[in-house]
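Every read-out reported here was derived from the displayed coordinates using simple, explicitly stated rules and does not represent laboratory data. What you are looking at is a predicted structure, and each value in this text was computed from that prediction instead of being measured. So basically every Cβ, Gly included, is an ideal-geometry build from the backbone, and we count neighbours across all protein chains shown.
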Amino acid sequence: MVDGKSVDTSMGFTPLAGLMMGTRCGDIDPALPSYLEKATGQSTQEVVTMMNKESGFLGISKASNDFRAVHELSEQGCEQAKLALKMFANRVIATIGSYAATLNGVDVITFTGGIGENSDYLRRTVCENLTYLGVELVADSAQKVGRISTEQSRVVVKVINTDEELMIARDSYRLAS
Ligand SMILES: Nc1ncnc2c1ncn2[C@@H]1O[C@H](COP(=O)(O)OP(=O)(O)O)[C@@H](O)[C@H]1O
Ligand SMILES: CC(=O)OP(=O)(O)O
Ligand SMILES: [Mg+2]
């Protein structure tokens, strides 16, 4: 965001682009769908369904689309769950890096949504890899909302509760009036 306006997003024509999600694969090599069709004999629609509904956390962990469940399994030693968490964290780290490059540095990083608001584990894992930006988290970053970076941190890190319904209602009202 620059001056309150979005200048970049990880999603594209559909939410399939960008980060992996509960059941979406996120960015992949564009050559992969046609390869999979040939290799597995699945139709284009079947591959699209797989990419949207059977991939992401569910596809990699082979267990659940729910971050909490995948995190719990990884704590119990499940290698597929560990891989899913690692892939997600790496992609969040890379996406923040690309935004930092596009924006020539960032003032604020906000964690929000189901995982961002709730998983201190994910926030800490991501921020451990952002020391090059000068990110430093407070010891107790498990709080639900507000600033979680130290006074010295060169980037302000915040947890903000999302309210998609309110934003959709506001945008709809603005477009309709
Ligand atoms: N307390 C929590 N700790 C960790 N993850 C959580 C917690 N509560 C919700 N989540 C995760 O948030 C995700 C859903 O977030 P949400 O922003 O609603 O995503 P989506 O838009 O994909 O439905 C789920 O993976 C869920 O496990
Ligand atoms: C992008 C997004 O939030 O998708 P969904 O809630 O349908 O998983
Ligand atoms: Mg959603």
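Under a Gaussian network description of the chain, with springs only between Cα atoms under 10 Å, the residue in Leu166, Leu16, Leu32 that fluctuates furthest is Leu166. Across Val145, Val70, Val155, mean-square fluctuation computed from a Gaussian network of the chain (C-alpha pairs under 10 Å connected) peaks at Val145. The lysine pair count for the chain, using Cα distances under 21 Å and pairs eight or more places apart or on different chains, is 8. Beta-bridge orientation, the chain: approximately 50 percent antiparallel, per DSSP, counting only bridges with both partners inside. The angle between the Cα long axis of helix 44-53 and the main principal axis of the chain comes to about 40°, on a 0 to 90 degree scale.
What size of dipole, in debye to the nearest 20, comes out for the chain about its Cα centre when the only charges are +1 on Lys and Arg C-beta atoms and -1 on Asp and Glu C-beta atoms?
Charge dipole, the chain, about its Cα centre: 80 debye, nearest 20.
Would you please classify the overall shape of region 1-77 from the alpha carbon gyration tensor, given that a ≥ b ≥ c denote the square roots of the eigenvalues, rounded means a/c under 1.5, and beyond that prolate means a/b larger than b/c while oblate covers the rest? It is oblate, given that a/c is not under 1.5 and a/b is not larger than b/c.
Between region 1-50 and region 100-139, the alpha-carbon centres lie 24 Å apart. Highest GNM mean-square fluctuation among Val92, Val48, Val126, for the chain modelled with Cα contacts below 10 Å: Val48. Measuring nothing but alpha carbons in the chain and taking Rh as the Kirkwood radius, the Rg to Rh ratio lands at 1.00. Between the helical axis of 79-102 and the longest alpha-carbon principal axis of the chain there is an angle of about 60 degrees.
Counting every other Cβ atom within 10 Å of each residue's Cβ, Ser34, Ser149 order from fewest to most as Ser34, Ser149.
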